[in-house]
Amino acid sequence: MSRYELTVEKDACDGIFACLTRDPRFVEGADGLATIDPDADPIYDCDGDVVDTAERVVATFDDDRIDEARQAAAACPTDAIAVREVNE
Ligand code: SF4
């Protein structure tokens, strides 16, 4: 288990949605850009805090799925996604 923060910078996001196929917690938001919805995963019951503003989406999770988040970040062609481990 690790606690980590996922960030999507909306300026950088192009709505290509390579992230969605790597991590189903990424979804298309009302603005046509990527956002994060912990309830969107059809298999796992996720629990996370999400703050979605005009500039960026910041989500914090405490689970064992940081690798999926990192794969989504690696797949993003515009480097809009950042994954950062948070130590408390
Ligand atoms: S892959 Fe990157 S650019 Fe594409 S929707 Fe996801 S965050 Fe946005």
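Within the option set Gly48, Gly15, being away from the ligand (no atom under 13 Å from the Cβ) and modelled with pLDDT under 95 holds for one residue only, Gly48. Does Arg56 satisfy the condition of being within 11 Å of the ligand (Cβ to nearest atom), open to solvent by 20 Å² or more (accessible area, probe 1.4 Å) and not hydroxyl-bearing (Ser, Thr, Tyr)? It is true that Arg56 is within 11 Å of the ligand (Cβ to nearest atom), open to solvent by 20 Å² or more (accessible area, probe 1.4 Å) and not hydroxyl-bearing (Ser, Thr, Tyr).
Pairs are defined by a Cβ separation below 8 Å, a sequence spacing of at least 6 or placement on different chains, a first member in the range 51-66 that is over 22 Å from Met1 (Cβ atoms), and a second member that is open to solvent by 30 Å² or more (accessible area, probe 1.4 Å) and of a type in the set (D, E, K, R); the pairs so defined are Glu55/Glu9; Glu55/Asp11; Arg56/Glu9.
Per this entry, Gly32 is not counted among residues that are in contact (Cβ under 8 Å) with a residue 12 or more places away in the chain, open to solvent by less than 40 Å² (accessible area, probe 1.4 Å), within 8 Å of the ligand (Cβ to nearest atom) and more than 12 Å from the chain's Cα centre (by Cα).
The values are calculated or read from the model by the stated rules, or taken from the named source; none is laboratory data. Keep in mind the model is a prediction, meaning the values are calculated, not measured. Please note: Cβ atoms are built from the backbone with ideal geometry, for glycine as well, and neighbour counts cover all protein chains shown. Ligands, DNA and RNA are stripped out before the accessible areas are found, and what is left, the full protein with its side chains, is counted by its heavy atoms. Shrake-Rupley method; radii C 1.70, N 1.55, O 1.52, S 1.80 Å.
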